[in-house]
Each structure stands twice: as structure tokens, then as C-alpha cells.
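**Student:** Quick one: structure below, then a few questions.
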Amino acid sequence: MIKLEDVHKSFAQHEVLKGVDAEINKGEVVCLIGPSGSGKSTLLRCINGLEAYQRGRISVDGETVDVGAPTIHDIRTRVSMVFQRFNLFPHRTALENVMEGPRYVLKEDAQAARQRATQLLTRVGLADKLQSYPSSLSGGQQQRVAIARALAMQPEAILFDEPTSALDPEMVGEVLQVMRALAEEHMTMLVVTHEILFAREVADRVLFLDGGRIVEEGPAGELLRHPKHERTQDFLRRVTHPV
Amino acid sequence: MTGFFANAGIYLPILLKGVWLTIAVTFLALTLATLLGLVWALFRTSGIAWLAMATRVFVEFVRGIPILVVLFYIYFVMPEVGLDLTAFQAGVAGLALTYSCYIGETFRAGIEAVDRGQVEAAKSIGMKQPLMMRRVVLPQAFKIVVPPYSNNMVMLLKDSSQVSVISVAELTMQGKMLASSTFDNMTVFTLVALLYLCLTLPLNFVMRRVEIAMGKAQ
Ligand SMILES: Nc1ncnc2c1ncn2[C@@H]1O[C@H](COP(=O)(O)OP(=O)(O)O)[C@@H](O)[C@H]1O
Ligand SMILES: [Mg+2]
């Protein structure tokens, strides 16, 4: 569904992605792991057309992702993104945040959009927070609203950029729980995460990004338990035994 | 002192005529400057390189010219190219043009102060630039912009006195004429100053309340 072919991305002289090849199939949950600064966020942002890339090709359902092309807006409605720092609209309530896309981008009528937004917020456990503003919600609640906002677009896939890294530890579980439920419904997901346990349990496949390339990839259980590449081994040792 | 009050009673009705004109000039110029300023700001943040650059050059150009010169130019030079404006129209146009550039810069700074993450969130749900501006960026930028914009308003009100040089009979002009016919500089200009304060202080007060109200709203 999402395909990356020899993708190169530089910031000025600094080449961050040096030829990335990857494919995410429909209904698949893929976790992207790798050291800090290896370009995981950049990769996701390129897929969502928030960054331009210089060489190679990214496509969604065969349609090329090109920041400058008029098709980009439509592609973005089909591939949603959940950010590390939530990025909820602070001047709108939880309900309005979730309704915003359906109402103004998909141009659904207010009644239908409201009804579905309410359902989605209920589904992520926030039925009692519909009228709350982001500033009065905890990090975990904000991230669940953000997931509901992404779902409201009825996307074919969702990209998650370290959705739990900005959270206090006691709130990580509630967000992962929502993501686990999505995975069980076979939502196509590409998840950048340092939650190795989550990846092992939920992911179908894991990609290890380092030095601007996918160094290793494979079924989650296998790659995370028996990494073949030395750099993968090092990385996993450091993440799972931080001291 | 009794002389002051006795004469003030005579001068005040004359000066009040100027006050109304000051209010009219300020109100019209502010409205135009705000609309134009918003246009400049949207151009500059449009992401369309040539449009942003052209606007930037224009704004820098106007900001580099004293208001007096802009007023002279519009009132005395424009008629030579066929644009014949009354003093009042020229005054409003000059103030509006100059302040649209100040206000535009204020708005631009406000737009750029909105968190990048907001733009990305808006884009990621498929919003195009105009919708994103309307629904996400501008509502947040307005809040940031209220204090510097209030400042622009008060400055514009005071700078409306500049249009007296092209003989618009606003408050300062009325004061000057009255003082030169009565030689009572002290009373006249004290009254003029007080009348300006009667305009600026309430304006400050109202804008402070707006600021507080917007701060409280989410
Ligand atoms: N907008 C940018 N401008 C310049 N360099 C950037 C920008 N965004 C990211 N980088 C650089 O790209 C590299 C990869 O960043 P990022 O994708 O955020 O890594 P990760 O998400 O894996 O931690 C880093 O070296 C970072 O400094
Ligand atoms: Mg990152």
C-alpha cells in the first residue's frame, strides 16, 4: 500500500535518508525502530508529504507522493499521522478537533461528523471529555484525541511518530492499548517506537533504520529476538538494557 | 485658572469638530490598513516565493518612507498622474498605506509564531493552505497579535495628526488654527492633548480587556 523505492533525503549538505526501500502492505502493522537522529521522523514526514525528498519514489496505492503536486492533499486524507507532541488544535475542544477534518476537508454535514467524532472519542475512552480543551487533558488523553482525529478521516493507513515518547510513563499503556485495538482491526499502521515489547506483541514486521538505510527487516518476533545484524543487536541491547 | 475654564468652554466646541474628523480618519485608515495588512501577511506566508518576495520589497519600501512624505506624495504628486483625491481621502489613503505595512508585519510575526506542529497537523488531515489559515493558523495568530496590534491602533490614532499637513481639519489642525487666531497657546494645546488622551486611554483600556478575554478563551 505504501511503497518506498531508493528514497534519498537531505537537509542542505546533510544526507539523512540514503536510499530507503520499504513496503507496507494493506492491513499490516510495521514498526520502525532505530537510533535517535537516524531519520525515522523524516521518513514518516516524507511519506505524509510534510517534507520533500530528492531522489527515489514514495507511493501510496501506486500514486506518487510529491509535496508540490495537487494530489498531495488527497493522499494526506488517505494516510493520517499521529505526532509525538500530539499537535491538537488548542483553540478547539476534543470533539471539534476530531470533527475538523471530516467537517471541513471531507465536507461532511455537521450532524454526521459530530456523531462519528463522538463515537470515535468514546472508542478511545474519552466519552466524558468531548467538550474539554486540550490544555485541560493529560498527555495520554491528548494523544488519544489525536488518534481519534486521525481515524476520523477514515484513512487507509496511519503513521505514528513515537506516539508515547512525550508521555509520562503511567500514560503510555492507555495509548498503546488503543493502538493495539486498531491493530487487531487490521488498520494499516507504520509505527516509529522505542516500545520494543509493544513491537514484539503487535507488529507483523519490524524495520531497523540506521545510517540512512534500512539495515535489517523481518518478522517482529524474529528480528527483535534474534537480530542478525550487529548494529541491530547493539541497538536492541541499548534500548532494552539502558544502563 | 478660571480663565482656562472660561476659554475652554469657548474652544471646546471648535476642537470637538476636529475630534470627529480625527476619529473618522483613524477609523477608516485603520479598517483599510487592517484588511491590507492581512493581505500582506498572507502573501508573505503563502509559501509562494515570488509573491512573498514582492510583498516584502513593497513593505520595506513603504516602511522606509516617513508618513509626511507619503502624504505629500499622494496629495501633491498623484494629481499629476491623474489621481485627484480630496485632502481627507489622501490623508486616509496615506495613513492606511503606511500602517498596512506596520500591521502586516505584526500579523506576519503572529502567523509565524504559531507552532509549526499546528501547520503539520492541519496538513496531515488534508487541509489546503486557505482552509488551514482560516481554521487553524489565524485563530491562534490573532491571539498572539492582540497586544502589538493594539499598539498599532494607538500609534495610528496619534499619527492621524500628521494629516494636518495636507490641511485636513482634524484635531491638531483645529488646535493650530485656534491657537494662531487666539494666541492662547497654553489653553488650546492643553485641550488638544487632553482630547487625544480621551481617545487613546479608553482605547488602551478596551484593548487590554480584549487581550484578557482572549487569553481566557481557550
Ligand atoms: N528540518 C530539518 N532541518 C535540518 N535538519 C533536520 C531537520 N529535521 C531533521 N533534521 C536532521 O535529520 C536527522 C534525522 O532527524 P529525525 O528524522 O528527526 O530523526 P529521528 O526521528 O530518527 O530521531 C537529524 O540529524 C536531524 O538533525
Ligand atoms: Mg523522531
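**Student:** Based on this model, can you work out whether A:Ile58 counts as closer than 29 Å to A:His194 by Cβ, within 16 Å of ligand 2 (Cβ to nearest atom) and among the β-branched types (Val, Ile, Thr)?
**Tutor:** On the way: closer than 29 Å to A:His194 by Cβ: yes; within 16 Å of ligand 2 (Cβ to nearest atom): no; among the β-branched types (Val, Ile, Thr): yes.
So A:Ile58 does not fit the description; no.
**Student:** Out of all the residues in region B:42-71, which are part of a loop (DSSP other than H, G, I, E, B) and surrounded by 16 or more Cβ atoms within 10 Å (Cβ to Cβ)?
**Tutor:** So in region B:42-71, the residues part of a loop (DSSP other than H, G, I, E, B) come out as B:45-48, B:64-66.
Correct list: B:Thr45 only.
**Student:** Looking at (1) under 18 Å from the mean Cα position of the chain (by Cα); (2) buried (at least 17 other Cβ atoms within 10 Å of the Cβ); (3) farther than 22 Å from B:Val163 by Cα, which is the only condition B:Ile74 fails?
**Tutor:** (3)
**Student:** Related question: Would you be able to tell me the number of residues in region B:36-64 that are free of Cβ contacts under 8 Å to residues at least 24 places away in the same chain and aliphatic (A, V, I, L, M)?
**Tutor:** 7
**Student:** I would also like to ask the following. Return a yes/no flag: does region B:161-171 have any residue that is of a type in the set (A, V, I, L, M, F, W, C) and within 14 Å of the chain's Cα centre (by Cα). Spell out how you get there, then give the answer.
**Tutor:** Initial filter on region B:161-171 (of a type in the set (A, V, I, L, M, F, W, C)): B:163, B:165-166, B:168-169, B:171.
Restricting the remaining residues to those that are within 14 Å of the chain's Cα centre (by Cα) gives B:163.
The answer is yes; a qualifying residue exists.
**Student:** A further question follows. Hey, A:Asp210 hits all of (1) within 24 Å of A:Met1 (Cα to Cα); (2) surrounded by 14 or more Cβ atoms within 10 Å (Cβ to Cβ); (3) away from ligand 1 (no atom under 16 Å from the Cβ) but one; which does it fall short on?
**Tutor:** Tallying (1) within 24 Å of A:Met1 (Cα to Cα); (2) surrounded by 14 or more Cβ atoms within 10 Å (Cβ to Cβ); (3) away from ligand 1 (no atom under 16 Å from the Cβ), A:Asp210 fails exactly one: (3).
**Student:** Given the criteria within 14 Å of A:Met153 (Cβ to Cβ) and either within 16 Å of ligand 2 (Cβ to nearest atom) or in contact (Cβ under 8 Å) with a residue 12 or more places away in the chain (or both), does A:Ser138 qualify?
**Tutor:** Against the criterion (within 14 Å of A:Met153 (Cβ to Cβ) and either within 16 Å of ligand 2 (Cβ to nearest atom) or in contact (Cβ under 8 Å) with a residue 12 or more places away in the chain (or both)), A:Ser138 does not qualify.
**Student:** If you go through region A:65-110 one residue at a time, how many are closer than 18 Å to A:Val124 by Cα, more than 8 Å from every other protein chain (Cβ to nearest Cβ) and small (Gly, Ala, Ser)?
**Tutor:** The total comes to 1.
**Student:** Looking at this structure, is B:Gly175 under 19 Å from A:Leu88 (Cα atoms), buried (at least 18 other Cβ atoms within 10 Å of the Cβ) and either touching a residue at least 12 places away in the same chain (Cβ under 8 Å) or within 11 Å of another protein chain (Cβ to nearest Cβ) (or both)? Working first, answer last.
**Tutor:** On the way: under 19 Å from A:Leu88 (Cα atoms): no; buried (at least 18 other Cβ atoms within 10 Å of the Cβ): yes; either touching a residue at least 12 places away in the same chain (Cβ under 8 Å) or within 11 Å of another protein chain (Cβ to nearest Cβ) (or both): yes.
No.
A quick yes/no check of all residues on (1) at pLDDT 95 or above; (2) aliphatic (A, V, I, L, M); (3) in contact with a Leu (Cβ under 7 Å, 6 or more places away or on another chain); (4) within 30 Å of A:Gly37 (Cα to Cα):
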position	(1), (2), (3), (4)
A:Ala94	yes, yes, yes, no
A:Gly101	yes, no, no, no
A:Gln119	yes, no, no, no
A:Lys129	yes, no, yes, no
A:Leu137	yes, yes, no, yes
A:Gln143	yes, no, yes, yes
A:Glu156	yes, no, no, yes
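**Student:** Residues in region A:116-165 that are surrounded by fewer than 17 Cβ atoms within 10 Å (Cβ to Cβ), among the charged types (D, E, K, R) and farther than 25 Å from A:Lys26 by Cβ: how many?
**Tutor:** Total meeting the criteria: 1.
**Student:** Criterion first (on the phi < 0 side of the Ramachandran plot, part of a helix (DSSP H, G or I), surrounded by fewer than 19 Cβ atoms within 10 Å (Cβ to Cβ) and within 14 Å of chain A (Cβ to nearest Cβ)) does B:Met214 satisfy it? Give the derivation first.
**Tutor:** Numbers: on the phi < 0 side of the Ramachandran plot: yes; part of a helix (DSSP H, G or I): yes; surrounded by fewer than 19 Cβ atoms within 10 Å (Cβ to Cβ): yes; within 14 Å of chain A (Cβ to nearest Cβ): yes.
So B:Met214 fits the description; yes.
**Student:** Specify the residue that is nearest to ligand 1 (Cβ to nearest atom); the eligible residues are those in region A:146-165 that are among the β-branched types (Val, Ile, Thr) and in contact with a Ser or Thr (Cβ under 8 Å, 6 or more places away or on another chain).
**Tutor:** Here is the first cut: in region A:146-165, the ones among the β-branched types (Val, Ile, Thr) are A:147, A:158, A:164.
Applying the additional criterion that residues be in contact with a Ser or Thr (Cβ under 8 Å, 6 or more places away or on another chain) yields A:158, A:164.
Values: A:Ile158: 17, A:Thr164: 14 Å.
Of everything passing the filter in region A:146-165, A:Thr164 is nearest to ligand 1 (Cβ to nearest atom).
**Student:** Only residues that are touching a residue at least 24 places away in the same chain (Cβ under 8 Å) and within 13 Å of ligand 1 (Cβ to nearest atom): list them for region A:12-30, please. Can you show your working first?
**Tutor:** Residues of region A:12-30 touching a residue at least 24 places away in the same chain (Cβ under 8 Å): A:15-22, A:24-30.
A:Glu15, A:Val16, A:Leu17, A:Lys18, A:Val20, listed by residue number.
**Student:** Now a separate question. Looking at (1) outside any helix (DSSP H, G or I); (2) away from chain A (no Cβ under 12 Å); (3) among the aliphatic types (A, V, I, L, M), which is the only condition B:Leu156 fails?
**Tutor:** Here B:Leu156 clears every test but (1).
**Student:** Regarding region A:13-29, can at least one residue be identified that is within 14 Å of chain B (Cβ to nearest Cβ), surrounded by fewer than 21 Cβ atoms within 10 Å (Cβ to Cβ) and within 16 Å of ligand 2 (Cβ to nearest atom)?
**Tutor:** Taking region A:13-29 first, the residues within 14 Å of chain B (Cβ to nearest Cβ) are none.
No.
**Student:** To continue, here is another question. Please find, within region A:33-64, the residue that is surrounded by the fewest Cβ atoms within 10 Å (Cβ to Cβ) out of those that are touching a residue at least 24 places away in the same chain (Cβ under 8 Å), more than 14 Å from chain B (Cβ to nearest Cβ) and near ligand 1 (Cβ under 9 Å from one of its atoms).
**Tutor:** Ranking the qualifying residues of region A:33-64, first place goes to A:Pro35.
**Student:** Let me ask you something else. It is to be established whether one or more residues within region A:79-86 are within 16 Å of ligand 1 (Cβ to nearest atom), farther than 19 Å from A:Gln154 by Cα and surrounded by 15 or more Cβ atoms within 10 Å (Cβ to Cβ).
**Tutor:** Within region A:79-86, one or more residues are within 16 Å of ligand 1 (Cβ to nearest atom), farther than 19 Å from A:Gln154 by Cα and surrounded by 15 or more Cβ atoms within 10 Å (Cβ to Cβ).
**Student:** For B:Pro79, indicate whether it is over 22 Å from B:Lys17 (Cβ atoms), of a type outside the set (Phe, Trp, Tyr) and free of Cβ contacts under 8 Å to residues at least 24 places away in the same chain. Don't jump to the end; show me each part of the working.
**Tutor:** Working: over 22 Å from B:Lys17 (Cβ atoms): yes; of a type outside the set (Phe, Trp, Tyr): yes; free of Cβ contacts under 8 Å to residues at least 24 places away in the same chain: yes.
The answer is yes for B:Pro79.
**Student:** Right, next: Among the residues in region B:128-149, are any of a type in the set (S, T, N, Q), within 14 Å of another protein chain (Cβ to nearest Cβ) and free of Cβ contacts under 8 Å to residues at least 40 places away in the same chain? Give the derivation first.
**Tutor:** Of all residues in region B:128-149, those of a type in the set (S, T, N, Q) come to B:129, B:140.
Of the ones still in play, those that are also within 14 Å of another protein chain (Cβ to nearest Cβ) are B:129, B:140.
Next cut, free of Cβ contacts under 8 Å to residues at least 40 places away in the same chain only: B:140.
The answer is yes; a qualifying residue exists.
The values are calculated or read from the model by the stated rules, or taken from the named source; none is laboratory data. Please read all numbers here as calculations on a predicted model, not as lab measurements. Cβ coordinates were reconstructed from backbone atoms using ideal geometry, including for glycine residues, and neighbour counts include every protein chain displayed.
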